[in-house]
Structures are given as structure tokens and as C-alpha cells.
Amino acid sequence: MSKFKFSVGPWNVHPGADSYGPETRKDIPFEEKIKKFAEMGFSAIQFHDDDAVPNINDYTEEEIKEKARDLKKLLDQYGLAAEFVAPRLWMDEHTADGGFMSTSEEDREYAMWRAYRSIDIARELGCDMVVLWLAREGTLCAEAKSPVWATKMLIEAINKMLEYDPAIRICIEPKPNEPIDRSICGTMGHVMAVSAATIDPSRVGGNLESAHAILAGLDPAHEIGFAMAMGKLMTVHLNDQNGIKYDQDKSFGVENLRAAFNQVKVLKENGYGDHGEYVGLDVKAMRTTKDEDSYKHLQNSLDIFRALEAKVDKFDYEFQKKCVENRDFEGLEMYVMKLLMGIE
């Protein structure tokens, strides 16, 4: 049995369309996904604002809250919680050139409207966290906007969210590139700096996604550990990545098993989950996956995580200590490899 609780977003099960091709699978109704997630053993659902309230722009503030209350009843029906709500600020025409950092004041105001509505939805769903994936925050043209000004705009936006709701927590999900070229807040270190500059750093932290760390050329376990050392790791998005290329969202551990082991290890060693944190998955099925296998990547990720958790439980810390004392790092590495391969 795992000591962790797991979360997943409805976008993790999708029809397979990408930038270069059409859908390859049938779309699955929202409630059917929710029901299946509960059957698979997930405890919570991750939401974008328009996952929770589709066509969110068409409704008043009170109508949005009412629809969120209806969604809460559906979650309760299947015994699921809401982990967070994230404003989807990269799909609307108002956010083509960024949301919080847009050079258009009107578009910045729209981004704040979506952020406030995300907070409203979160409170109706019974959660206290809003995640910011800053997808288009930055610039495609280096001279188009000052990175100093852009960073200050982000801090100002977060401060407004903190003032809007005195209990809400803001969780930044860093990513160094894609879809934007020159991003703002590309690593967990950037998140820590932004947090420290806000009016209430205690309510601003980070969400480490494995693939995003790899895109920055960093070790996901070390990024997780850095955030935990600062008391700032609010959640994680575990997946995997084949090198420094576009964001792949592959099943957890399928490309870098040792790196995945160390992510589980640092989480377990440092009490992640003891304060209600979820292990979140952000994984996508391979494009040519058949309809009947639409959830297999999620099950694979859960199975790999739990198997690695069992490996962590078997880790011999006394042997590790002796290897370190003797500088026998070759011996320690081989021990880890044998542990992962099941070799006595």
C-alpha cells in the first residue's frame, strides 16, 4: 500500500490531437473520466478553470460559482476532492501575448478576471490552491517587453490574488520554454525569488513538473528537494521526458527509471504528503494509443510509482553511509542499479 494520495487532471485523458495532426481517439465525457479516476484509486482531481466551468467567459460571477457548486456535488458522489484550480490563460484571444504580462492593460485585466474566478471556483470546490502555469508569460521577441517590467507584473498579479482571498495559496508551475521562447519563472529557483517578493510569501510556492525540470537541463529530484528545503513544495506533477525537446508528458519513469526512483525517494524521505499534499500526475497517452487503452498511461504511472516506492522502502541507508565514508561511490551506484534491477 502506498503512503501517498494521488491526483490527476481530466486533460490527462485526451483525444490525441497535436500540433501536426488531428484527433486519434474519441473524446470521453467528463463524468465518465471522473468515475474512472475514482475506480483507479485517485483521491483528487486537478482542474483548469474551464474544466470546472466550460465556456467560463459566458457566465456571470454568481453563475460560475453556482456551476462550481454543481461540480462539487459530482465530486462528492465519487468520493473525490479537488486539489487545485488553474486559470487557463493560454487559449483565449486575450492572452495571445501573455496574460499577467501582456502589454495590453485590457488583456491584463482579463487575466486577473480569470484568476479571481479560479479562486472563486476553488473555494466552492473546497480547495485552497490556485496553480499558475505561466504558459505565455514572457516574450517571443526579446525587445518586445522588459523582463524587469514583466517580472514586476507577475508579482503584482500574485499580490492581487493574495489580497482577493486571505486563505488562498498560489502555486507557480515553472517551465523554461514552450510555448513561449523567453519565459519568466523558468525554474524552481525563480519561483522562490518571486515568492519572496510577494506580500505574503507563506502562501506562495511551487509545483515541480518532472519534464519541465528536464527541459531546463535540471534534475527533477534536486528541484523537488530544493523546494522542500525551502518549505515551498505545494504539489508535484510527475511524468517523464526523452531529453531536452518539446514537453512530452510521458508516463512516469518510462525514460529515466533511476531519476524517477530519486524523485520518489526525496518525497518519501522528507515527509511529502504528511500535510495533505497529493502526488499529481501530468501524463499523456502516446498519440497512436487505441481508444480502449485511453487510461493505460495513468495506470502505468501509478504502478511504476508504487513499485519505486517499494524500492525506496528497501534502500539500505547503513550501506549508503559506509559507501560515502569510504568514497565508494561506484559501489553505491551499483547498489542502486541492482536494487532497481532486482539483482541480489
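The values are calculated or read from the model by the stated rules, or taken from the named source; none is laboratory data. What you are looking at is a predicted structure, and each value in this text was computed from that prediction instead of being measured. Using ideal geometry, Cβ is built from the backbone for each residue, glycine included, and neighbour counts are taken over all protein chains shown. Quick note on the areas: whole protein, heavy atoms, side chains included, nothing else; ligands and nucleic acids left out. Shrake-Rupley method; radii C 1.70, N 1.55, O 1.52, S 1.80 Å.
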Ala193 versus Met40: modelled label distance in nm, points set 7 Å from Cα along the beta carbon direction: 3.7
Summed side-chain charge close to Leu140 - residues other than Leu140 whose Cβ falls under 13 Å, Lys, Arg +1, Asp, Glu -1: -2
Calculated SAXS-style log₁₀ I(q)/I(0) at q = 0.19 Å⁻¹ - the stretch 174-294, Debye, Cα scatterers: -1.03
Dividing the convex hull volume of the alpha carbon atoms of the chain by its residue count, what do you get in Å³ per residue? 150
Indicate the gyration tensor shape class of the stretch 230-344 (rounded, prolate or oblate), computed on the Cα atoms with a ≥ b ≥ c the square roots of the eigenvalues: a/c under 1.5 is rounded; otherwise a/b larger than b/c is prolate and the rest oblate. prolate
Rank by packing, highest mean first: peptides 103-115, 313-325, with packing defined as the count of other Cβ atoms within 10 Å averaged across residues. 103-115, 313-325
Accessible-area composition of the chain, carbon plus sulfur, in percent [1.4 Å probe]: 50
Find the accessible area per residue for the chain; the probe is 1.4 Å, ligands and nucleic acids are left out, and the unit is Å². 47
Rounded to the nearest 500 deg cm²/dmol, what is the calculated helix-only ellipticity per residue at 222 nm for the chain, with -39500 (n - 2.57) per DSSP H run of length n ≥ 4? -14000 deg cm²/dmol
Computed from the beta carbon distance with a Förster radius of 22 Å, FRET efficiency for Ala17 and Asn55 to the nearest 0.05 stands at 0.65
So for the stretch 1-96, Kirkwood radius off the Cα pairs, Stokes-Einstein at 20 °C and 1.002 mPa s: how many µm² s⁻¹? 144
Highest-first arrangement of 68-76, 201-209, where packing means the average Cβ count within 10 Å: 201-209, 68-76
Whole-number D in µm²/s for the stretch 28-156 (Stokes-Einstein; Kirkwood sum over Cα pairs; 25 °C, 0.890 mPa s): 157
How large is ³J(HN,Hα) for each residue in the stretch 304-316, as worked out from phi by the Karplus curve 6.51 cos²θ - 1.76 cosθ + 1.60 (θ = phi - 60°), to whole Hz, x for Gly and Pro? 5, 4, 5, 5, 5, 4, 5, 5, 4, 4, 8, 4, 8
Hey, rough spin-label estimate for Glu344 and Ser146, points 7 angstrom out along Cα→Cβ, what's it come to in nanometres? 6.8
